[in-house]
Structures are given as C-alpha cells and as structure tokens.
Amino acid sequence: MLTYMQVHLYYLVPPIVVLLAVYNPLLGRRDGLNILWLCFMATIWTTPWDNWLLSQSGWGYPPNSIVGKIFHVPIEEHMFFILQPIFLLLLHALISHPRLLPFDLNHAKRRLRVTGSASYAAGDGKEGTTVSEPTQRVETEDEVITLTRRPLAALSWGAIWLGGLVLVNEAHGGALWNSEEWIPSIVRVGGKGFYLGWILVWVTPVIALLTYLGARFGTAERLTFILGAGWLVTIDTIAIRAGAWYITPETSLGIHVWRGLPLEEFLFFCLTTHLILLSSSLISHLHTLLLLSPTLPPCPPLHPARHIALLFRVALSPPPIDRRMLDALVSAQETLRKGSKSFDVAKLAFGREMRIDLVAIYAWCRVTDNLIDEAADCKDGESPSRLDILQTIRKHLEQAYTRTYMHPAGALPSSSTSTRPSNEEAILGSIPHLSEEDRSAFHLFAALIPRLVPIYPFRELCDGYETDLRFVASPSPPLSTATARSSDPNGNGQVDVDVDVNGTVGVLPTSPLVELVQDPDFELEEHLPIKTTSDLLEYADDVAGSIASAICYLSWSILTPSSTPCRPVDSLSWTKHTHSHVGGIGAGTTVPQSQSESESESGSGSGPTPSVLRRMRITSHAREMGRALQLVNIARDIAKDARIGRVYIPLSSFPSAKDLLAVILPSSPPSPSNPSPANRTARESTRMDLDYAPYTLPLLDMANKMRSNSQHAMADLPRTARGGTRAMVASYFEIAEAIRRRGGAIDERGVRVDKWRRLIAAGRAMWFGMA
C-alpha cells in the first residue's frame with residue numbers, strides 16, 4: 001500500500017526536480033508569474049469543488065493514507081493543486097522553448113481600420129515636415145490581430161458544460177428541473193453520473209473562457225498534453241491500485257479505461273491538463289505581444305498584481321501587430337537556421353523574450369555585412385560602391401531611430417494609410433538588387449530594436465565595416481557562392497560561412513594583392529589599416545565589443561523594469577558615455593534626448609547613480625569579452641582573410657616584410673588554364689607548411705587574458721541572460737582550444753570543432769556557470 005504522500009514523493013516530485021534543474025538557467029520572472037498565477041487559481045477554483053465532492057463521497061481515501069486534512073480535503077490534495085501545474089508548466093516550457101513565436105500566424109486576423117487624417121514624415125524626416133491625407137476607411141493586412149476570438153469553439157465547451165449540468169441534475173434527483181420527461185430511461189445514470197457531471201460543470205467554463213479569448217493548442221501544447229496527461233494518469237493508476245485513494249462506485253459510471261483507471265479519473269486529468277496548458281499558452285502569447293507592440297511595455301511590471309493586470313488588459317484588448325514584421329521575423333529565423341547553424345543553436349540558450357530581438361539584431365548584422373562584402377552591383381568590387389552602400393545603411397539606421405523619436409509609441413505611420421513609401425523604404429531603394437528577404441531584415445530591425453537598444457553600438461559596427469573597406473577590395477564571389485562574414489550579436493565577432501546554394505564549400509577569390517605587390521610603386525601598408533595592437537583592439541571593439549554592449553542593453557530593456565516602460569531605451573541615455581562614436585552621419589548629428597533621459601541618467605543631478613555605474617562597469621567588461629571573441633575569430637581566419645586581402649594581424653607583429661608577404665601570398669595561384677588537382681594539392685600543402693603559430697597563439701593568449709578579466713561580469717547580467725552569454729562564450733572558445741591543440745596551425749578551411757565538444761562546453765557554462 002502507498003500513502004498519498006508517498007505517491008507525491010515517488011512519482012511527482014522527482015520529475016519536477018529534474019525538469020526544474022534542466023530549465024533552471026531559463027527560468028525567469030515571466031515563468032515565475034505563470035507558475036504562481038496558475039497555482040493560485042488552481043487552489044482557489046478547486047478547493048470548494050473538492051470539498052463538495054468529498055462531502056458527498058464522490059471519492060475517498062483510507063484514513064491512514066494521509067497526514068492530515070483542511071476541512072474535507074487532505075493536505076496532500078492541496079499539495080497536488082500546486083504540484084500538477086508546476087509539473088505541466090515546466091514540461092511545457094521546455095517543449096515549447098525552441099519555438100520563437102508561441103502562436104501560429106495562420107490564425108492571425110487582418111485588422112479593419114477606420115482612420116482619421118493619415119500623417120507621415122516627408123522629405124528628410126525632420127520634425128515638422130509632415131503631410132496629412134483625408135479620413136478614409138482602410139481594409140489592410142499590414143496589421144493583424146494575433147489573439148483572435150473563438151466564439152464557436154467556446155460554444156462547444158458550453159455544450160459540454162450543459163451535458164455535465166444534466167448529469168449533476170440527475171445525480172441530485174432532479175433538483176434543478178424534472179428531466180424524467182425528456183431523458184429516455186435507457187440513458188439515465190442517476191447518482192452514478194455524480195462525479196463525471198461535477199467534473200464537467202467545474203472545469204469547462206474556464207476552458208470556454210480561455211478558448212473564447214483566443215487561447216489555442218499548437219504542436220508544443222499537443223506534445224506536452226500527451227506526455228503530461230499520460231504521466232499523470234499513470235500515477236493515478238498506480239495510486240488507485242496501491243490503495244492511496246479510491247473512486248466511490250456509487251457516484252461513478254463504473255467504466256474503466258484500464259484496470260485501476262476509472263473513466264472519470266481519465267477525463268479529470270485530460271481536462272485539467274488541457275486547462276493548464278491552454279492557460280500557459282495564452283500567457284506566453286500575451287507576453288510575446290508585449291515585445292511586439294510599440295504601445296506596450298516589453299518588460300512587465302515587477303509587482304505581480306500589476307503584472308497580471310497588464311496581461312488582463314492585453315487579453316481583453318489585444319493590440320494589432322505589424323504583419324510584415326511578423327513575416328520578417330519568421331523569414332529571419334529560417335535564414336539564420338540555414339546559414340548560421342551555430343547561432344541557431346546558441347540562441348536557444350536564451351529565453352524567448354531575448355531571442356526574438358536577438359534574431360532581429362543578428363539578421364540585420366548579417367544582411368548589412370553581406371551587402372558591403374558582396375557588393376553585387378559592382379562587378380569590379382571597387383571600394384566607392386561599397387562605401388555608398390555603407391552610407392545607405394547608416395542613413396537607414398539614423399532614420400529608423402529618428403522616426404521612433406518623431407512618432408511616439410503607437411503613433412507610427414502605417415503604409416496602409418498612404419500610397420507613398422516610407423522614408424526607410426526610399427533609402428533602401430538606392431541599394432540595387434536588394435532582395436525582399438534583405439529588405440525585411442531592415443524592416444524587422446527598425447520595428448523592434450530602436451525602443452530597446454541605443455543607436456551607438458550599431459554606429460560603431462558601421463565604423464568596423466568602414467575599416468574593412470580600407471583593405472584592397474576583393475573580387476565579388478560568383479552568384480552561386482555566398483560568402484557571409486556577419487557580425488555576431490553574441491559578441492562572437494564575425495562568422496565566416498562559405499557555402500554555395502547547394503550547401504557545398506565555396507571557393508574564395510584570388511587575393512587582390514597578388515598582382516598589386518608586383519608593382520614597385522604600390523604601398524602595401526596603405527591598404528592594411530591594422531598597423532598596431534591598438535588598431536586591432538579598436539577594430540575588434542567596433543565589430544564585436546559594440547554588439548556585446550547591445551546585448552547588455554537588450555537584456556536590461558527586456559528583463560528589468562524601466563522608468564520609461566514603453567521605451568526602455570529612454571532610460572539608457574547614460575550609454576552615450578560608454579561609446580566613442582555618438583555622432584550620426586554628419587557632424588553634430590545626435591539622437592534627441594528627453595527630460596526623462598537626463599533625469600534617469602544622473603538621478604538627483606549630482607552624477608550617475610550607483611545602478612548606472614554598475615551597468616557601465618558590466619558594459620565595459622562585456623565589450624572586453626566581445627574583443628576577446630573577435631581575436632579568436634581573427635586567429636581562426638588568418639589564412640582565409642589574407643586570401644581576400646585582409647590582414648588583421650598588426651603589422652608590428654611581423655618581423656620583416658618577407659614574413660608579411662608569406663602570410664598574404666603563401667604560394668602562387670594555380671594557372672586558370674591548368675587548375676589540376678595536383679596543382680591545388682601542392683598549393684594547399686604550401687599553405688599548410690606556413691607556420692601561423694607565431695601569429696595565432698599570441699592572439700589567443702591575449703583573448704584568454706581578456707576572457708579572464710571580464711567573465712565574472714556575466715554573473716551581474718539579468719538572470720535569464722547569464723546562461724546564454726556563458727554558453728556562447730564557452731562554445732566559441734572551443735575554437736581557440738582546437739587551434740591550441742594543433743599547435744597554432746590553421747589553414748583556409750578554418751578549424752573544425754567537434755559538435756559534441758562545443759555542446760558539452762556550452763552546457764557546462766549554461767548550467768554550472770563554468771564559462
């Protein structure tokens with residue numbers, strides 16, 4: 001025989017402990033609110049109902065099976081009201097975690113709007129230059145409601161509730177109405193329908209309400225339902241067979257799903273599991289709307305009551321969401337999944353609230369870098385064309401932030417109210433052959449990031465692009481090859497992906513320096529901008545330290561309450577003091593500063609507050625870690641970068657010009673007329689014979705020192721941002737370890753790191769803090 005407490009200790013508590021241990025690095029305040037609220041509601045809603053069932057002998061327990069009771073309900077039963085939601089919510093959180101959006105866009109409903117005068121910025125977007133159009137009725141799919149009402153589905157649950165009410169009425173001898181006249185005697189169950197009737201009457205109204213509001217099951221919810229309900233009915237079967245509790249035969253139908261599992265118990269666990277998962281799905285949807293709507297705070301209030309009140313308001317009046325932004329988010333995720341598998345895996349170390357905006361940042365970084373490096377519109381690959389594209393990117397960046405300041409949250413001009421393209425679209429129109437996929441990445445960035453992250457890191461990243469353009473331009477790769485050097489928003493610097501459309505390894509172009517160095521008048525040093533270690537660190541700070549700081553700002557905007565809830569970036573005005581480049585495209589260009597920004601920066605006006613000083617310190621260490629990761633990246637790609645005319649090793653590191661030329665031109669290229677396998681093999685052998693260790697190992701030593709100096713600061717980030725940053729750092733430094741194991745030797749193919757080795761390193765860092 002098992003006691004009720006033993007059932008919990010043997011079968012329910014252990015899986016909860018395991019699930020909690022696995023999910024612990026991702027367990028944030030939103031998850032905590034979800035668990036707290038549903039446990040509270042389960043207790044409040046179930047306790048009166050269960051007391052009534054026990055008082056009417058609907059079910060029972062041996063006296064020696066419990067440790068005590070409150071009124072009619074055993075203490076262990078009250079524990080179950082809490083343990084069941086915790087078990088199911090943790091299981092649901094893990095299973096649904098890989099999905100970026102907790103809802104299906106196929107269920108989104110277009111919004112019918114009646115507009116007043118439609119205003120939009122004209123000309124260069126300066127304040128005051130707006131144009132108005134007359135009132136019009138607009139039917140548009142530019143904005144959609146993702147949380148759509150489901151009245152018919154709710155009515156079906158109402159019908160089930162009526163069926164339960166019939167059973168309850170019959171079980172109580174027609175206390176509500178006389179049912180003998182219209183219910184055939186052959187289907188009357190009398191008192192045996194008591195337990196089933198009260199289950200249906202108790203649970204279906206809540207399910208109907210949630211269903212009407214728009215809650216629905218997706219793939220993750222269905223899988224969680226199968227696993228969760230399956231485990232709970234298994235526990236119930238074991239407990240009933242072991243005599244921990246029993247269902248009274250006089251109040252049940254006497255139908256068993258299998259031995260030890262009455263039909264009523266089976267339906268009880270199926271319906272309660274459905275209810276809990278439906279609630280969890282709805283809450284996840286509401287939290288995601290906070291991130292996607294500019295009229296809502298991305299970080300909910302710290303106080304649980306205000307947090308819940310905000311979710312209630314959003315559930316009752318869901319905001320319209322930019323459909324193009326949603327499509328761009330899905331497209332960006334798919335592109336990154338195919339083109340950057342390392343990021344696709346690494347982003348899972350962050351919660352959904354961080355991942356959505358990380359995808360937006362990473363997609364923008366990837367697209368902008370590709371546009372500059374590939375320069376598809378300029379076949380000769382000359383720098384002026386690439387500089388023009390960089391200037392266009394900068395203009396779009398400034399416009400995205402200026403537009404956000406000009407138009408308060410919720411008042412952004414919609415393309416549906418005007419036939420003219422937005423200023424952002426007009427700017428992007430100057431980039432030839434810009435694909436719709438790339439255009440959507442710009443739109444996604446402009447829609448999500450300006451209210452969360454200051455502009456300064458992205459200006460610095462553009463400065464890093466400009467440094468790359470100071471090298472001799474390499475010929476553009478053929479159309480069948482995509483050579484992507486995307487800045488990694490995880491602080492990993494640039495990630496090289498050389499794959500063609502069929503997934504095979506692409507061939508890098510011949511170094512542009514091959515012929516130029518033969519010219520006696522050619523000044524090589526003028527085309528190698530990284531001359532000193534200081535230059536190297538400045539470049540690494542621009543392309544990687546900047547994005548590392550952006551991740552810090554993103555985590556504070558999303559995971560910590562702000563004094564400016566709908567625009568957390570306004571409370572980050574102190575960040576301009578942590579960046580070397582605060583100006584825009586032209587001299588004196590700055591982002592407007594509001595009064596609340598000034599006040600939040602200095603507190604009482606006597607200087608930065610302790611909280612601001614602490615964040616400045618964290619940001620400084622984050623930038624140092626970003627620089628360290630970029631040094632690892634440079635060490636890995638010395639041979640590959642040299643092949644396209646880029647040498648990031650400081651010139652001061654080369655003992656002589658001969659050593660520099662050996663890195664730039666490790667061998668003569670094979671003749672185009674005779675690209676034989678033998679020539680290619682000999683050439684690769686020559687490159688492998690070149691000793692890169694004097695350049696790679698010092699870079700890795702410098703990176704390790706920076707990592708040691710800065711890794712402790714990750715513990716000061718918001719809780720759910722720590723595991724992800726630690727995992728990414730540990731995973732990336734496995735590249736450094738792989739280079740060391742080879743004695744510093746590298747080649748143009750880079751360094752391959754065993755997938756399991758990286759996963760183990762990331763796992764240790766994520767769960768045990770061993771970064």
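No value in this document is a laboratory result; all are computed from the given coordinates. Just so it is clear, the model here is predicted, and its values are computed rather than measured. Methodologically, a virtual Cβ is constructed for each residue, glycine included, from the backbone with ideal geometry; neighbour enumeration extends over all protein chains shown.
Overview of values
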read-out: Qualifying trypsin sites (Lys or Arg not before Pro) in segment 194-277, DSSP loop, other Cβ atoms within 10 Å at most 12; value: 259
read-out: Counted charge near residue 249, where neighbours are those whose Cβ lies closer than 14 Å (Asp, Glu -1; Lys, Arg +1); value: -2
read-out: Convex hull volume of segment 699-771 per residue (C-alpha atoms, cubic angstrom); value: 88
read-out: For segment 288-303, 3J(HN,Hα) per residue [Karplus equation, 6.51 cos²θ - 1.76 cosθ + 1.60, θ = phi - 60°, Hz, x = Gly/Pro]; value: 5, 4, 4, 7, 8, 9, x, 8, 10, x, x, 10, x, x, 6, 6
read-out: Segments 690-698, 642-650 sorted - mean Cβ within 10 Å per residue, highest first; value: 642-650, 690-698
read-out: Nitroxide proxy distance, nm - points 7 Å out along Cα→Cβ at residue 387 and residue 295; value: 4.6
read-out: Above-threshold pairs, the threshold being 23 Å between Cα atoms, out of 338/755; 347/395; 109/395; 109/338; 69/192; value: 347/395; 109/395; 109/338; 69/192
read-out: Set of segment 325-369 residues, backbone N closer than 18 Å to the point 7 Å along the Cα-Cβ line of residue 719; value: 349-355
read-out: Peptides ranked, highest mean first, by Cβ atoms within 10 Å: ranges 9-17, 64-72, 353-361; value: 353-361, 9-17, 64-72
read-out: Distance in nm between pseudo-label sites at residue 754 and residue 250 (7 Å out along the Cβ direction from Cα); value: 6.8
read-out: Estimated inter-spin distance, residue 55 and residue 337, nm [label 7 Å along Cα→Cβ]; value: 5.3
read-out: Charge dipole of segment 263-341 about the Cα centre (unit charges at C-beta), most positive-ward option of 278, 301, 333; value: 333
read-out: Among 29-40, 96-107, the order from most to least packed when residues are scored by Cβ within 10 Å on average; value: 29-40, 96-107
read-out: In Hz, Karplus ³J(HN,Hα) per residue of segment 635-651 (6.51, -1.76, 1.60; θ = phi - 60°; x = Gly, Pro); value: 4, 5, 10, 4, 5, 5, 5, 4, 5, 9, x, 10, 10, 8, 6, x, 4
